[in-house]
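Worksheet for the structure shown next.
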Amino acid sequence: MKHKTVSAIAALFCGAILLFPASPAAFAASVPPAQPKTAEPASDEEQRAAAFSAMMGQLQTNLDELEIDIKGTIVDEDGKPVENVRLEIRYEKPVLPYMTDNKYEVERRVVSGDFEIKKKGFNDVELKFSNQEYFLETFHFHAGFGMGENEENTLKQPALRVVLEKRLPTAEISDLQREKLEYNLSRKRKTYCDLDGAVSGKNGNGQVKMVTIPLNEKPKAGKYLELDFQRDEHGEIVTREFPGVVDQKGESPKYPAVYIFRLHSDDPEDGMIVMEDGGYLKDHPFDGKPIADRQAYQKRSREENKIVDDEWKKLRPLERRFEAPKDGYTLKEVSIPVEELLQITGSGKSFSVHWRGGYRWMWFRCGNHYGKFSVMCGEAGTSSGVNLGALNDKLECFFYLELYLNLKPGDTNLRSFF
């Protein structure tokens with residue numbers, strides 16, 4: 001069929017020559033003048049495709065023009081340059097136009113004291129500095145390339161100072177990782193952290209452990225850490241309400257006003273010290289007023305997420321504090337207001353409650369043993385909507401507990417292999 005079609009076209013062309021044997025001028029004169037064609041307007045689909053192509057072209061240009069330019073020094077805690085540091089550089093960028101995949105490039109060097117990094121066409125870079133005598137340090141820098149509002153470019157660092165922390169001898173540590181410190185009204189039970197085994201050897205294994213008991217039962221341990229709430233003179237949980245928030249019955253749900261982490265010990269010198277500010281979301285902008293407007297909600301969410309990121313950057317490194325203070329353990333309890341745990345959005349009877357925030361690192365002394373622990377909110381309640389975290393007979397809440405305790409009395413060294 002293919003050859004037949006070509007032959008047919010050739011035959012038609014030859015026929016046209018036989019029909020018009022005159023000169024080219026005569027041929028041109030015999031053909032009616034061509035009428036100018038009116039361009040048809042582009043369809044909506046064509047317009048969208050053109051706009052998308054133009055946008056992707058601009059984004060690709062923006063991405064290509066991004067430049068990573070980092071200069072820095074690597075020193076120890078005394079400010080002395082560190083030699084023979086392994087530097088791993090991971091470059092990353094999205095693959096246009098669909099951005100469903102990322103492209104990575106990894107570069108490895110050995111640097112001493114000073115270093116410099118230059119590369120174009122990537123919008124994300126991660127630096128890892130390692131030396132077997134020091135703890136790993138990681139830095140992350142990023143830049144937008146035209147995809148959103150208020151994009152920040154941190155790819156240029158003219159004087160990055162990398163301080164490596166010396167690895168010192170480790171201690172014999174008893175630790176807990178992401179254990180649940182629970183208070184459960186639905187199942188009428190609670191979980192506490194038993195410290196007796198580590199500080200007195202009563203359990204025989206010299207380790208801290210989690211114990212679950214009924215709500216109305218008192219812990220048998222002499223020294224322990226528990227989750228509780230602020231209570232009034234009658235022992236009832238103090239609550240608070242949020243303006244305008246009502247449940248499906250039209251009633252205002254009540255929330256525990258303050259969550260408390262309490263250390264029990266008969267030694268008057270035992271207690272806690274909050275590391276630095278110790279607060280997570282301490283600048284939380286939540287004012288108790290629900291937000292119904294979607295754009296306003298998204299704006300506040302961006303603000304809160306930035307606060308979360310900033311606080312996380314400040315406080316998460318507190319886990320790398322390894323030398324506990326010798327004195328000053330005056331706190332018996334540390335509290336977190338419910339505003340730092342809950343975010344309420346919505347209007348009318350359509351509300352959404354998010355359980356978030358509430359992160360702390362504390363030093364503690366218990367029976368002349370030194371340690372540190374953190375609590376990070378896990379969950380409050382199993383139902384969705386406005387009842388999440390509300391104080392009723394279905395309340396189920398827990399925090400993740402991370403704890404390290406030196407098993408040698410009087411030793412403030414909390415270095416371990418974590």
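Values quoted throughout were computed directly from the atomic coordinates according to the rules given, and no laboratory measurement underlies them. Worth saying up front: this structure is predicted, and the values here are computed from it rather than measured. Every residue, glycine among them, receives a Cβ derived from its backbone with ideal geometry; neighbour counts consider all protein chains shown.
Just a few scattered comments:
- Remark: the Ile213-Asp69 segment gains 46.1 nm on full extension, using 0.36 nm per residue and subtracting the alpha carbon distance.
- Phi to ³J(HN,Hα) by Karplus 6.51 cos²θ - 1.76 cosθ + 1.60 over region 64-74, Hz, x for Gly, Pro: 4, 7, 5, 9, 8, 9, 10, 10, x, 10, 10
- Packing-based order for 48-55, 404-411, using average beta carbon neighbours within 10 Å, highest first: 404-411, 48-55
- Here is the result for region 111-173: no chymotrypsin sites (Phe, Trp or Tyr not before Pro) lie in DSSP coil with at most 14 other C-beta atoms within 10 angstrom of their C-beta.
- Gain on full extension, evaluated as 0.36 nm per residue between Ala51 and Glu151 minus their Cα-Cα distance, stands at 33.8 nm.
- Taking amide H atoms as placed 1.01 Å from N in the peptide plane, the amide H of Tyr134 lies under 5 Å from those of Arg167, each 5 or more residues away in sequence or on another chain.
- Set Lys166/Lys209; Lys120/Lys166; Lys80/Lys128; Lys209/Lys332; Lys190/Lys299 screened for pairs whose C-alpha atoms are more than 27 Å apart: Lys166/Lys209; Lys120/Lys166; Lys190/Lys299
- Rounded to the nearest whole Hz, the Karplus-based 3J(HN,Hα) values (6.51 cos²θ - 1.76 cosθ + 1.60, θ = phi - 60°) of region 324-341 follow the sequence 6, x, 7, 9, x, 8, 9, 7, 9, 8, 10, 10, 10, x, 5, 4, 7, 10, with x at glycine and proline.
- Label zone of Ser130 (point 7 Å out along Cα→Cβ, amide N under 19 Å): in region 389-418 this covers 416-418.
- Distant-in-sequence amide H partners of Thr412 (H built 1.01 Å from N, under 5 Å): none
- In Hz, Karplus ³J(HN,Hα) per residue of region 235-242 (6.51, -1.76, 1.60; θ = phi - 60°; x = Gly, Pro): x, 7, 5, 6, 10, 9, 10, 10
- Close amide H partners of Gly271, meaning residues 5 or more places away or on another chain with modelled amide H under 5 Å apart, are Arg365.
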